[in-house]
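A short write-up of the structure that comes next.
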Amino acid sequence: MAGKPKVAFYWCAGCGGCEEAIVDLAEDLLQVANEVDIVFWPVAMDFKKEDVETFKDGEIAVSFINGAIRTEEHNEMSFLLRKKSRLVVAFGSCAHLGGIPGLANLSDREELFLRLYGRQEGIENPDNVVPKTRVERREGIITLPGVNEEVRALNQIIDVDYYIPGCAPPPNLVKDAIKTILSGELPPEGSILAPDKTLCDECPRRESKPEKIFLKEIKRISLVDVPQDRCFLAEGVFCMGPVTRKGCGERCLGANMPCRGCFGPSSYVTDQGSKFLSAVSSILETDDEEEAARLSSTVLDPAGLFYMFSLPSSLGAVFKDRKNPNILKGSF
Amino acid sequence: MKYSHANRLGIFICHCGVNISSTVDIETVKKALTGYPGVSLITDHTYTCSNPGQDMIRNKIREEELDSVVIAACSPSLHENTFRKTLEEAGINPYKLEIANIREQCSWVHSDRKVATEKAISIIKAAVSKALLNEPLTPISVPVTRKALVVGGGIAGIQASLNIANSGYKVILVEKEPSIGGKMAQLSETFPTLDCSQCILTHRMVEVERHPNINLMVSSEVTRISGFVGNFEVTIRKKKTYVNAEKCNGCGICIEKCPRKTDSEFDRALSKRKVIYRPFPQAVPNIPVIDGEHCLYLLKGRCGVCRDVCGPGAIEFEQEERFVKEKVGAIVIATGYETFPIENIPEYGGGTIPDVIDGLAFERILSASGPTGGEIRRPSDGKVPKEVAFIQCVCSRDPEKYFSYCSKVCCMYTSKHAMLYKHRVKDGQPYVFYIDIRAGGKGYEEFYQRASEEDEVLYIRGKVSRLYREDGKIVVEGTDTLLQENVAVRVDMVVLATAIRPSQDVSRIAQLLKASVDENGFFTEAHPKLRPVESMTAGVFLAGCAQAPRDIPDTVSGASAAALMVCNLFASEELKHEPTIAGVDEDVCSGCGICIGVCPYEARELDREKRVATVNEVLCEGCGACTAACPSGAAVQRNFTDKQISSMIKAILA
């Protein structure tokens, strides 16, 4: 195991933004490339699964895996990389908490297939043909990885050593995390490599906060103008900042959008969505149940809003395929 | 070392006689918990709260070197404090105690022994999981400002103020009217002794004014109350009276010369008063005030006679209202009552028939200093009414339309009214319509008997169904439920015993104090039997009709009790406050500010410099609202942490 430490990057169910985040390191990427040996990176380099299989167990120093776990391929590659790597880092919101793909768990798999392949506008599919894992053709047998019943976060399928949060993680956080890991001075196992306070701590709008925050109305960001320097929550717009770990560089706030929660909760909170619900329901300015119900009903998609990035890792998550031996954590 | 001191937890299971042991199998519970993680001792006792029971606990704590204790017994609201003391006496921190409620929440609500036993085991396991994470805590010391605020200067406020002041503590007595005395000053004579109300009241009013420990503030209102037991800060608004009380010598020439008159509130609009006035001749303080709504000078800039005639130059038309801030340690609420307005009772002719009046108006007619000089003359034409109907329970005991409660004083004052009427109009006939006569009280039944027998008051048991005018008379129709026949009496005047309801100030004051009121708007006491003069807010005490309808003797004794509670509070230099309150982990808090408005006790504040929320430990009552609302996990409830709660849930689900 002489030479530079071996590093792997892999993508599961993601949008490509996390790959972009690595490229966003710009010149720093070259420095990283100097110090390490990138042995696997499907988006950028021509290595195959077989190449990974040739490594000894633990030969790869660190694997950065982004994206949620949606298909059998994701299971398989995660198991493989876990086996070959001394450290596994869940990279980005999807690997960390399940991410936006995790919202698919609000529907079951068959329903999703039908919606996507059967009833999609512009698609004619009277027989409701949905993707199969195996098809025989004249040319031979074609196989595809199966789709899991539910979407999972990475640590729901393999052990994860560290987490880099964000959708996508900002370059400075990625750089610091890589530096820390390569330095050998490792933080406690399971650490999330970002500050452990929530966003309000460094919010550029915090001075505009009134003494007490109450919600008389719940407003949608697309329908109101919030001045650049005003606290969103105080203006009646749901902002996940209070329940979301800081360290993102407040890019959304800079674009005059409220925080959507991609960094996940602080380490003192288990369930980001229910914590936010608990917080905002505490500040509804009414003692009247009917009025509270009316106010609540103005939130059109509460699950999508409160759990935009964390549904699979929420307290209420139940996995139908939890007894499937191919998917059980540690079965690799 | 003999023991590892990491976890030395003892479980004590109480049989509560047979209250628990008849449904919960104690031996099975003991077996199930033997060897449970962290448990070093498990034992039981017939009555853990008894002296032998507590001795046993103390001895076991010492012998087994226990460092935390679970007592599986009744609700913590009963004996948590008892057992905390037991732990303290045995030398361990009292907050290392956890009560597992296996009586109210288990044995009393189950009959199936097996189910109850299993549930008791779960409850105790949960308590053990929590107890293992309990931190030792120390009660918080709070200084006490030994000065009381009494709100309301009726007999309740007067009595409470005098009692507190005579015990050597300072009192601020705030009264919204220009004079103290309240409703009692309006009464003619009092039941059952028929002594003159003002004669027994006025010397107390004067005593209040002269008392060196009492700061009397009339024409004033409390507008803001912040702080907490021992340390309230109150803001009092001194309304404009246009008379400088320092300069005024009370000569009254201004009143004499004032050219304008308006209805006298004190006389229930049965007489006129001047626009510069004192509510009644014995008013305390004896300083007139100007009624700004009717004063010609203030309205139109004309007149100004009072200023011209005032020797000491006390009239100040340019006077502004003032706000005074005071620090007090305790508050007595004695805001009193008002009677339900008869204008709102059209079915009894209220507001439309001038000779239908309420009990307080009749008190004024009876009063020697009243509009008729004590002669009974009806309002419409000043004639002496030869027949008068007194109607009881008007709006009281009438849950369909008005109030379900009994106003308590009406039976007796109606007897008094009818009796005094008969004494003065010898050939007159009083009728009393009643539902029941409630004459519980010293000398009350005898008084009622005297009215009905000696004074020939005609009592008709039944509600009035209809009341109307006919040929210059008022016809009162009803059913006599004893004779089971309809009756109609033709009378010259009707007196309605209207319901007593809390002063309209009560809801305002309750909001200021965050004290709770019942469905009728009366202040709620902390416990109806054992803490009858304490409100639900620590340091706030109740007196008089702000709490419930009551008569003068009950009001006075209640006010004295409230005063005693105040003195009790002032007896020590500092108070002990429960330490099981909320805290902030400053390393976690991001200063989002959500908890600030959520706190019902104003105990939370945002430190904008440090960007964290802070807790005023003394204000915090440990309700947990902030902990539930805190989105970052920075708010912690001491000895009720998220970790403890989830470990309890795990213990139950395991």
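The values are calculated or read from the model by the stated rules, or taken from the named source; none is laboratory data. The shown structure was predicted, so the numbers you read here are calculated from the model rather than taken from an experiment. Because the Cβ atoms are built from the backbone with ideal geometry, glycine has one as well, and the counts that use them run over all protein chains shown. Each accessible area value is taken on the protein alone, full model and side chains, heavy atoms only, with ligands, DNA and RNA left out. Shrake-Rupley method; radii C 1.70, N 1.55, O 1.52, S 1.80 Å.
Values as computed for the structure displayed
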item	result
Within 10 Å of each Cβ in A:196-204, the average number of Cβ atoms from other chains	6
Near-label residues of the stretch B:422-445 by backbone N, under 15 Å of a point 7 Å along Cα→Cβ of B:L458	B:422, B:427-434
Interatomic Cα distance distribution for the stretch B:285-355, bins of 5 angstrom, percent	3, 10, 12, 11, 10, 11, 14, 16, 9, 3, 0
Hydrodynamic radius of the stretch A:129-168 per Kirkwood, over alpha carbon pairs, in Å	13.7
Two-decimal ratio, the stretch B:351-426, of alpha-carbon radius of gyration to 2.2 N^0.38 Å	1.18
Kirkwood hydrodynamic radius of chain B, Cα pairs, Å	29.0
Rg in Å to one decimal, and Dmax rounded to a whole Å, for the stretch B:578-638 via C-alpha atoms	10.0, 29
Length gained when the stretch B:K247-B:S226 is fully extended (0.36 nm per residue, less Cα-Cα span)	4.3 nm
Surface accessible to a 1.4 Å probe, per residue, for the residues of the stretch A:199-300, Å²	48
Net lengthening on full extension, B:I649/B:E446 (0.36 nm per residue, minus Cα-Cα)	66.8 nm
Counted charge near A:K219, where neighbours are those whose Cβ lies closer than 11 Å (Asp, Glu -1; Lys, Arg +1)	-1
17 Å Cα-Cα reach of B:K31 towards aspartates and glutamates, excluding residues that sit fewer than 8 places from it in its own chain	B:D44, B:E118
Distance from the stretch B:102-180 to the stretch B:525-587 (C-alpha centre basis), Å	9
Cβ-derived FRET efficiency at R0 25 Å, B:D518 paired with A:I218, nearest 0.05	0.15
Isotropically averaged projected area of the stretch B:6-100, using the convex hull of Cα atoms (one quarter of hull area), nm²	5.5
For the stretch A:1-75, alpha-carbon Rg over 2.2 N^0.38 Å	1.13
Estimated distance in nm for a label pair at B:A269 and A:N256, the labels positioned 7 Å out from Cα along Cα-to-Cβ	5.8
Pairs of Cα atoms farther than 29 Å apart, the stretch B:337-501, %	10
The stretch A:199-300 - convex hull of the alpha-carbon atoms, volume per residue in Å³	105
Convex hull of the protein assembly as shown built on C-alpha atoms - directionally averaged projected area, nm²	59.4
Where Rh is the Kirkwood radius over Cα pairs, Rg/Rh for the stretch B:216-350	1.04
Cα→Cβ-extended label distance, 7 Å offset, between A:R138 and A:R119, nm	3.7
The stretch A:24-67 pair-distance distribution - Cα-Cα, 5 Å bins, rounded %	5, 17, 25, 31, 15, 7, 1
Reduction of at least 20 Å² in accessible surface, 1.4 Å probe, comparing all protein chains with the chain by itself, residues of the stretch A:278-319	A:S278, A:A279, A:S282, A:I283
Surface share of carbon and sulfur [accessible, 1.4 angstrom probe, percent] for the stretch B:337-501	48
Between the stretch A:225-268 and the stretch B:318-347, the alpha-carbon center distance in angstrom	46
Within the protein assembly as shown, percent of DSSP bridges classed antiparallel, to nearest 5	45
Residues of the stretch A:1-125: accessible area per residue with a 1.4 Å probe, Å²	48
Viscosity 1.567 mPa s, 4 °C: Kirkwood-radius Stokes-Einstein D of the stretch B:449-577 over Cα pairs, µm²/s	70
Kirkwood Rh (inverse of mean 1/r, distinct Cα pairs), chain A, angstrom	21.6
Efficiency of FRET from Cβ geometry, B:L564 and B:D642, R₀ 30 Å, rounded to 0.05	0.10
Rounded to whole Hz, the Karplus (6.51, -1.76, 1.60) HN-Hα couplings of the stretch A:222-228, x for glycine and proline	6, 10, 10, 9, 9, x, 3
Label-point separation, B:R113 to B:N59 (7 Å along Cα→Cβ), nm	2.9
Inter-centroid distance (Cα atoms) of the stretch A:141-177 relative to the stretch B:375-424, Å	83
Surface share of carbon and sulfur [accessible, 1.4 angstrom probe, percent] for chain A	52
Reach of B:K183 by Cα under 18 Å, taken over lysines that are not fewer than 8 positions away in the same chain	B:K408, B:K416
Drop in accessible area of at least 10 Å² in the complex versus isolated chain, residues of the stretch B:598-620, 1.4 Å probe	B:V598, B:E602, B:L606, B:R608, B:R611
Cross-link partners of B:K442 among aspartates and glutamates (Cα-Cα below 18 Å; sequence separation of 8 or more within a chain)	B:E189, B:D195, B:D551, B:D554
The stretch A:109-148 pair-distance distribution - Cα-Cα, 10 Å bins, rounded %	27, 43, 29, 1
Restraint check, B:K30/B:K85; B:K576/B:K643; B:K147/B:K261, Cα-Cα greater than 29 Å	B:K147/B:K261
Flagged links, alpha-carbon separation over 26 Å, of B:K272/B:K463; B:K383/B:K426; B:K272/B:K325; B:K60/B:K650	B:K272/B:K463; B:K272/B:K325; B:K60/B:K650
Computed [θ] at 222 nm, helices only, for chain A once each DSSP H run of length n ≥ 4 contributes -39500 (n - 2.57)	-7000 deg cm²/dmol
